[in-house]
Structure formats: structure tokens, C-alpha cells
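Peer 1: The following block contains the structure, expressed as C-alpha cells.
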Amino acid sequence: MFMACCFVSCQLNSGDNNIVLTDFTKDLISLYINDTLNIDVKYRKDEIIVTAVEDTAYHLLSVFANNRKESKYRGEGYIGQTLYLGHSVRVFGDENPMFYSVTERIKKQKRSKVDYSIYDPNVWQVCFNKDESFNKWRTYKTTPNEDISEIHKLAVKYFKASQTTTNDIYKSYEVENEPIFVLGEDVLRELIASNFTKHKQGNFDAIPLAVNIIVDEKGKATFKEIVKSSNDTELDNEAIRVAKIICQYDFIPASHRGETVKAIYPILFLRSDITPE
């Protein structure tokens, strides 16, 4: 999972060190800058960005480095900054005592010349449930496949671990192993082609139709929604009908962090499935 961030030159005062990091956040930053993939961050003393977001289900803490010396990261809800291990640490988002405290509210910063850039940092996202238990399923080191065992150990040192699998429905890119149609992709394409009986001429895209189905922990599938319409009701309804036929077959369920989970499985209908030969 990559984060596109905008950067802009800002006027910051060195005296605006108004953030006190919790021991957990300090240790997480230390873990981040000592990670093999981030070793240059440590030696360059890059600025560290910390963002905290709280919604109805989770507390989310993200940590990443700004290695663009000529620019300053500008995110929503700038809270303040501090110094840690020789790095400037700037904090954005929601105030959350799990991760840091604020000693003094800062005034809005005046911005100078705008210099936007696209940047894909190595983002670590740590997730906690609302009861402040560590959520391993939505904790990532850039991608779902990267090992989070060190983050896991650190989180349960300071917080309890969640004991139950979340009932979330994951997108395919959010899990280590996506759901798989048990008979294979070739058979799936044959099922679509042989069952799609409504054919129309038209200026269709290469993929004119797409639907999502949900594959549960036991590999059973149910129709969810059309995610790309053909703008033709008859064709859309045909896609739904065919998707429900495919749902009668078994799938290998998605797995993530050592457990099977519910996940989205996209079914793509190609132009060749719709237009007559």
C-alpha cells in the first residue's frame, strides 16, 4: 500500500517543540529508522512524519520519513513538532494520548512559496481497536506481505493484543493472500463466456463491466455489487446473474496474518464476453 503525499515549503519556528511522544511512539520511530529499508533515513537524519487518525472503529498511527530536504510535508491538522534521536518529528491529525501529548497549541503557520511534489514514502501504519487493543490485521509496513512481527511485539509490550479476528471485509490488496477460484482462472473465464448470454454491439472498453463478490473464511461466495457499470441495465443485470452462478462454486479463502478472512474478489467481464462474435 503506497501513500501519495504533497509537500510544500512552510515557515516553522525552531521553538515550536510542543509535542511529547509516548514511549510507544518513541520506540516505533526507533524501530522505523533502524529498519533495513530505512537505514538511509537514520544516517541523513531525515524528518519523521507522524499522523494519527481516529474513526468509529480504529485508532490509526502512521510513521514515515520525509527525505526531501528542499520541501516540508504539509498534511491535514498540523499539531506540532519535537526532536527525537536527532530527527525533527512533525505531528499531524487527531490528538491522541495513546501516541503523544500536546504541551501548547501552536498558531497556524504562514505558508510561503508552494512547491508540490509527489512522494511515495515507506509508510508504516499501526492499528488499534477502539478498546486500545492492537489490531494486527490492519497493521502494515508499506504492503500487506511485509513482516510486522517486530511491530507486533512492540505494540503488545504497551497495549493488549486483540484476541478475535476482525469481521472486516478486506479488499484484495489489503491481504497477504487473495481469494482464489478453486477451479482456476481459465475455468472461471470459460464459465463467464458460456453463461453470459446477452450480447450487444457497442463502443465498450476492454473491461466494460466489473462486479465484486465476497469470499468468506470458508471459501463461500456471495454477490456484493457492480463496481463498473456498462451503462446498459440489461447487460448489468446479466453480469449480476453470471456472478451469482460463479458464487455457487468454491473458493480458496483469503488469508492474512495467519488467519482466513473475508475478502473482495473482483470478477471482470471483458469486451469479448459482451459483444457478439
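The values are calculated or read from the model by the stated rules, or taken from the named source; none is laboratory data. Computed from a prediction, not measured in an experiment: that's the story for all the values here. We place every Cβ from the backbone using ideal geometry, glycine too, and count neighbours over all the protein chains shown. Note: areas computed on protein heavy atoms with side chains; ligands, DNA, RNA excluded. Shrake-Rupley method; radii C 1.70, N 1.55, O 1.52, S 1.80 Å.
Peer 1: Through the Karplus equation 6.51 cos²θ - 1.76 cosθ + 1.60, θ set to phi - 60°, convert the phi angles of the stretch 83-97 into ³J(HN,Hα) values in whole Hz; use x for Gly and Pro.
Peer 2: 10, 8, 6, x, 9, 6, 10, 10, 10, 9, x, 9, 6, 8, x
Peer 1: Quick check: the angle from helix 185-195's long axis to the longest principal axis of the chain, C-alpha only, nearest 10 degrees?
Peer 2: 50
Peer 1: Considering only protein heavy atoms, what is the solvent-accessible area of F196 at a probe of 1.4 Å, reported in Å² to the nearest 10?
Peer 2: About 0 Å², ignoring ligands and nucleic acids.
Peer 1: Based only on the alpha carbon positions, what is the Kirkwood hydrodynamic radius of the stretch 159-277, in angstrom?
Peer 2: Result for the stretch 159-277 stands at 15.2 Å.
Peer 1: So what's the convex hull volume per residue for the Cα atoms of the stretch 142-185, in Å³?
Peer 2: Looking at the stretch 142-185, the number lands at 117 Å³ per residue.
Peer 1: What do you get for the angle between helix 233-246 and the principal long axis of the chain? Use alpha-carbon atoms, 0 to 90 degrees, nearest ten.
Peer 2: 90
Peer 1: Could you tell me the ratio Rg/Rh of the chain? Both radii from Cα atoms, Rh via Kirkwood.
Peer 2: 1.08
Peer 1: Something else: Which entries in the list K198/K244; K45/K141; K136/K218; K130/K218; K26/K72; K200/K244 go over 25 Å, if you measure between the two C-alpha atoms of each?
Peer 2: K130/K218
Peer 1: For W124, what is the net charge nearby, where nearby means another residue's Cβ is under 11 Å from its Cβ and Lys, Arg count +1, Asp, Glu -1?
Peer 2: Around W124, the surrounding residues sum to -2.
Peer 1: Here's something else I'd like to know. If you filter the stretch 205-240 for GluC sites (Glu not before Pro), then keep DSSP loop positions with at most 15 other Cβ within 10 Å, what is left?
Peer 2: Here the GluC sites (Glu not before Pro) that fit, given the DSSP loop and packing criteria, are E217.
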